[in-house]
1. Being assigned by TED's automatic domain parsing to the domain that holds A:Glu73 and either more than 30 Å from A:Ser25 (Cβ to Cβ) or surrounded by 15 or more Cβ atoms within 10 Å (Cβ to Cβ) (or both) is the requirement here; does A:Val178 meet it?
2. Which strands (runs of 3 or more DSSP E) does the range B:48-143 wholly contain that include 2 or more residues that are small (Gly, Ala, Ser) and surrounded by fewer than 21 Cβ atoms within 10 Å (Cβ to Cβ)?
3. Assess whether A:Asn26 counts as being free of Cβ contacts under 8 Å to residues at least 40 places away in the same chain and farther than 12 Å from A:Ile176 by Cβ.
4. Kindly indicate which of A:Arg78, A:Arg90 is more than 30 Å from A:Ser154 (Cα to Cα) and either surrounded by 15 or more Cβ atoms within 10 Å (Cβ to Cβ) or within 14 Å of chain B (Cβ to nearest Cβ) (or both).
5. Out of the range B:144-172, which residues are assigned to a loop (DSSP other than H, G, I, E, B) and surrounded by 19 or more Cβ atoms within 10 Å (Cβ to Cβ)?
6. Restricting the search to the range B:101-135, which residues are of a type in the set (Ser, Thr, Tyr) and within 14 Å of chain A (Cβ to nearest Cβ)?
7. Would you be able to say whether some residue in the range A:260-267 is of a type in the set (Val, Ile, Thr) and surrounded by fewer than 18 Cβ atoms within 10 Å (Cβ to Cβ)?
8. Just wondering, is there one or more residues in the range A:285-294 that are assigned to a loop (DSSP other than H, G, I, E, B) and either at pLDDT 90 or above or in the same structural domain as A:Leu213 (by TED's automatic domain parsing) (or both)?
Amino acid sequence: MKKLLFFAAPLLIVFTFVSVSSLESNAESVSKDQNLASWFMMQLGDEYNEFIYQLQRYEAGRADHNDVLLQYEILLSRFNSIQVNSQVNRLHSTFGSLQSFNHHYQIVKGYEVSLQQLTPQNVAELTLTIKDNYDQLMNYALKTFLFTNNVLRSKLDKFISLRWLIHASLFSTLLIGVMMIYLLMKESKTHHQLAMYDSLTGIHNRLWLNRKLKDLEKGGKDFAFFLIDLNGFKEVNDTLGHGAGDQLLKTVARRLDNLTHDGMYVARMGGDEFAVIQVFPQSVNQAYVSNFLMNTLDHVLKIPIQLRHRELSLSASIGLSVYTPGSKSLSELLQEADFAMYEMKQQFKAEHPYPITNLEHPAPDASQGFTKRQ
Amino acid sequence: MIFRKLVSPLYHHVLITGLLFAGLAAVFPVFALTPPPLTLKGQSAENAPIEVRLTRDDIASFPQQSVTTSMPWVNGKATFSGVNLQTLLTHYQLKPGTIHLTALNQFTAELNWQDMETYQPVLAVRHNDEWMRVRDYGPFWLVFALDTYPNLIDKGFLEKMVWQINEINVVP
C-alpha cells in the first residue's frame, strides 16, 4: 500500500505539471493564432475598404481610372502576401479557413476584367457587387476567427474538459500527500514504540527507562528506584549456553512484569540487569513501601526457574535509591542504586564463594517442597 | 466572291476597321495602370532641399545590382535587381541621415544610414528579370540579403523591406 503511494504520488505530480504546461501552451497558441488571424484580416479589410472608397470616388468624379486600378493592385498584393505567408498555414489548420480564403481571393482576382473596362456608367453596379463580396468576407472572418467557429469551439471544449481533469488530479495528489504524511507519522510512532522495548524479553528497555526517569523528574514525583543484578547469571551462560541464559532472562522479565501495576514500572537495563521504579503515592510511608517492595522482589527472584530439564535457583542483588524532587540528580540516583547493588553483590559473593545454581537434576522427592514453578 | 457582291465597298471598309479595332482591343487592354513613380527627397550638403521624381525606367538606367535571397513573402529563393540604395542616394548628393520609407498604402519604416552602409540593400524594380507590378509588390521594393545576413530577421529588418515604395526621404 505504502509502496503504491510512494510510486503514484510523484507520478501524479509529474502528470499534473505536464498537463498544465501543455494546456497553457495550447491555450496560448490558440490565443496567438486568433490575434494573428485578426491582424491579417484587419489589414486585408483596410485595403479592401480603401479599394471600394476609390471606386466611390471614381463614381463621384474625384478619382481617375488609375487611382482605382492602383488600389486594386495593392489589394491583390495584400491577398498574395497572406496566402504566401508561412504562418498562415498554421492558422488555416487551427480555423479550417483555407478553402474560404482562397475562394475570396479568386473572386477578387475576377474583378480584373471589369476593372479594365471601367466607365462611369458601369462603376455603380460593379461597386455594389464588390461591396457585397467584401461584406461576405468580413462576416466570414468574424465568424471564423472569433468564438463561434466550430473547429475552434471543439478545441476549446477539449480545453475545458482537460481543465477538469487537471483539477481532479491536483486534488488527488493533495489527498495522496496527506495520506502519505499520515502514514509516515504513524510509522514513526511505531518505530518510536519499538525502540522503547527490549527485543529479547519484550519489556521496556534502557532507553525507555531514561525517558521515564526524566519525565518523573520533570513531574516532580517521589519514587523509589531499584537496580537488580542477577547473581550467577554469567555462570549459567557459560555452562548451559546462551539459549538457557536467554530463557532465564525471559523468565525473570516476565515475573517482574507481572508485578507491575499503576505507578510501578520495570525495564531491562541490559545484560542481566533490570530496573524497577515505584512511584510513591501522596502521603505514604516511603520507607515502608520501599522495604516491602525490596522483599517482594527478592522473594520473586528466588523462586526456582524451570528450564527444559533443569531447575535453577537464582538470587539477585538489589540496590535501592529513593528520589525526591531536588534531593539529587538522576545520575546521582543511578549511582546510588548502583553502589547499593554492588555492596549487596559483594556480600553475596563473600557468602557464596561457589556458584549457587543447582545444576543437578532435582531429586524426585525434592519437588514436593515447591508448589510453584515457573 | 459572293461576299463582295452582296456588301457595298463602304460597309466593307467599316467592317474591316471595326474588326481590326476589336482585335486590337482583345490583344491590348483598354487601360493599363501606369506604374506609380517614386519621390526621392532630402537635403544637399549646403542644406538646400532636393526632390526628384523617379520612374522605374530611371532606376533601371543606373548600374544594376542583384540580390538572391529567400524571404517570407515569396516561395523559395528569388533574384531581385535594381540600384544599390547607397549608390542612388549618393548620386543625388543627399546629406546622410535617417532614411524614411513610405509605401503606397501609407505604411512607413525607417532605416539608419549606417545600417544601409553595412547591409547594402537594393532598391529593386525587377523580380526574376520581370518588372514588378504593384500586385507583385512593385514597382519599387527595398530588398535586403536575408540569406547573407540571417540575423536581420531578429533585428527587425523585415519591416524595413518596404514594398510598393512611394517616397524615400532622407532626414539628416
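The values are calculated or read from the model by the stated rules, or taken from the named source; none is laboratory data. Treat the numbers as computed from the prediction; the structure is a model and nothing was measured. Ideal geometry is used to build each Cβ from the backbone, glycine not excepted, and the neighbour counts take in all protein chains shown.
1. no
2. Details: elements: B:49-54, B:65-71, B:74-84, B:98-103, B:108-111, B:122-127, B:141-143.
Strands (runs of 3 or more DSSP E) meeting the threshold: B:65-71, B:74-84.
3. In short, no.
4. A:Arg78 is the lone residue from the list that is more than 30 Å from A:Ser154 (Cα to Cα) and either surrounded by 15 or more Cβ atoms within 10 Å (Cβ to Cβ) or within 14 Å of chain B (Cβ to nearest Cβ) (or both).
5. B:Phe144, B:Leu146, B:Met161, B:Val162, B:Trp163, B:Gln164
6. Once the filter is applied, which keeps residues that are of a type in the set (Ser, Thr, Tyr) and within 14 Å of chain A (Cβ to nearest Cβ), the range B:101-135 yields only B:Thr102.
7. Taking the range A:260-267 first, the residues of a type in the set (Val, Ile, Thr) are A:260, A:266.
So of that shortlist, the ones also surrounded by fewer than 18 Cβ atoms within 10 Å (Cβ to Cβ) come out as A:260.
Scanning the range A:260-267, I find at least one residue that is of a type in the set (Val, Ile, Thr) and surrounded by fewer than 18 Cβ atoms within 10 Å (Cβ to Cβ), so the answer is yes.
8. Step one: of the range A:285-294, the residues assigned to a loop (DSSP other than H, G, I, E, B) are A:285.
Those left that are additionally either at pLDDT 90 or above or in the same structural domain as A:Leu213 (by TED's automatic domain parsing) (or both): A:285.
Checked against the condition, which is being assigned to a loop (DSSP other than H, G, I, E, B) and either at pLDDT 90 or above or in the same structural domain as A:Leu213 (by TED's automatic domain parsing) (or both), the range A:285-294 yields at least one hit.
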